[in-house]
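Notes to accompany the following structure.
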Amino acid sequence: MKASQRPRPLEVTVIGSWSFPGWYEELVRQAARPDSPYGPADRAEAVEDAIRLAIADQRHAGLDRITDGEMQRVDFNLGFYDWLSGLEPIPVARRLGPPAHDQRSKYRAVAPIAAPRGLGTVAEFRRFRALEPGLPSKMPVPGPFTLAGCIQGGEIYGDRREITEALIPIVNAELKALVAAGADFLQLDEPSFACHPAEADYFLDVIARTVAGVEAYLSLHLCFGNYRARAVGWRSYRPLFPQVGQTAVDQLALEFASREMAEVELLAELPEDKDVAVGLVDVKNTWIEPPDLVAQRLRQVLRHVTPERVSITPDCGFSQTARHVAIAKAKAMVEGVRMVRGG
């Protein structure tokens with residue numbers, strides 16, 4: 001990691017996704033129909049307009065580091081399966097009733113998994129930087145273990161580990177391609193490891209091989225799931241400690257606000273060369289945290305880790321949060337951090 005790549009102390013940023021504007025969500029739904037009224041040029045224009053809005057929202061909120069809002073993706077990681085060959089979709093068994101993870105798209109391997117065109121993030125990054133060349137940015141990429149969670153092995157792979165093994169070189173190649181395109185801050189999204197914490201040593205090995213040879217500032221996002229604002233695992237980081245401090249990344253992005261700052265003392269167990277991005281607003285809650293509460297939460301964090309190692313984020317992406325709520329929460333983060341910086 002180069003010193004210039006490291007976030008500045010108490011940097012305020014996002015995890016990755018931003019809330020879709022209502023019109024854009026409807027357009028994406030219609031564009032997926034076989035009889036879609038939108039042509040390729042219409043879709044490209046809409047994507048660029050949505051990215052511009054995500055940039056404007058984040059700039060207006062005062063964030064220090066921004067993303068394209070993942071406007072070019074589908075529901076965090078679901079769009080990435082369109083880039084993978086060797087898969088067939090499995091019909092969703094339950095479509096009605098309260099939303100839950102069993103309603104997410106699933107796939108079955110029918111041939112060895114490959115990504116002959118990559119995962120599409122390089123084109124995302126280039127489009128974003130063409131629209132926003134100024135502010136510091138980050139590029140999130142889903143990790144192989146998390147991607148493997150929506151794939152059944154069929155007759156090709158025996159279990160999730162074997163599927164993960166097939167995905168490790170694909171994600172590693174994508175990270176390296178992003179660096180070659182000019183990205184210097186990459187975030188590996190692996191919430192599934194926080195939700196399946198029993199094999200921490202396996203987790204360390206997977207992360208190490210996924211990021212091997214990637215010359216960038218590397219963050220690792222470990223939340224507890226946020227599909228339709230619902231978690232999917234036991235919300236404790238304790239089983240991952242102390243091993244998580246040995247991960248081959250520069251920063252750990254962790255969820256605290258939705259858990260009322262539970263386990264914040266675990267940060268003191270991390271090695272001094274490990275930065276942290278702390279979630280201080282709850283993306284699953286429509287209540288807007290007052291800035292002084294954000295400041296209070298940040299001061300709790302600073303009892304356990306120095307300011308030079310701390311970035312401030314929401315708990316997870318804002319894709320499941322109403323846009324006006326996301327804007328208000330981002331502003332609250334910025335103002336709360338400003339209160340701490342000012343003493």
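The values are calculated or read from the model by the stated rules, or taken from the named source; none is laboratory data. Since the structure is predicted, the reported quantities are computational estimates derived from the model, not experimental observations. Don't worry about glycine lacking a Cβ; one is built from the backbone with ideal geometry, like all the others, and counts go over all protein chains shown.
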Selection count where residues are assigned to a helix (DSSP H, G or I) and either modelled with pLDDT under 95 or surrounded by fewer than 16 Cβ atoms within 10 Å (Cβ to Cβ) (or both), scope segment 260-277: 3
Give the residue that is farthest from Lys176 (Cα to Cα), with candidates limited to residues of segment 199-248 that are in a loop (DSSP other than H, G, I, E, B) and in contact with a Pro (Cβ under 7 Å, 6 or more places away or on another chain). Arg228
Within segment 62-82, can one find any residue that is at pLDDT 95 or above, on the phi < 0 side of the Ramachandran plot and part of a helix (DSSP H, G or I)? no
Per the list (1) part of a loop (DSSP other than H, G, I, E, B); (2) at pLDDT 95 or above; (3) closer than 13 Å to Trp287 by Cα, residue check on Thr321 breaks on (2)
Between residues in segment 235-250 that are modelled with pLDDT of 95 or more and residues that are surrounded by 15 or more Cβ atoms within 10 Å (Cβ to Cβ) and acidic (Asp, Glu), which pairs lie under 6 Å by C-beta distance while being six or more apart or on different chains? Asp250/Asp275
Quick one: Ala253 ticks every box in (1) out of contact with any Cys (no Cβ under 9 Å at 6 or more places or on another chain); (2) under 24 Å from Gln320 (Cβ atoms) except a single one, so which number is it? (1)
What are the pairs, 6+ residues apart or on separate chains, where a residue within segment 299-312 that is at pLDDT 95 or above has its Cβ under 8 Å from a residue that is hydroxyl-bearing (Ser, Thr, Tyr) and part of a loop (DSSP other than H, G, I, E, B)? Ser311/Thr13; Ile312/Thr13
Can you give me the number of residues within segment 332-343 that are buried (at least 20 other Cβ atoms within 10 Å of the Cβ) and either of a type in the set (Lys, Arg) or assigned to a loop (DSSP other than H, G, I, E, B) (or both)? 0
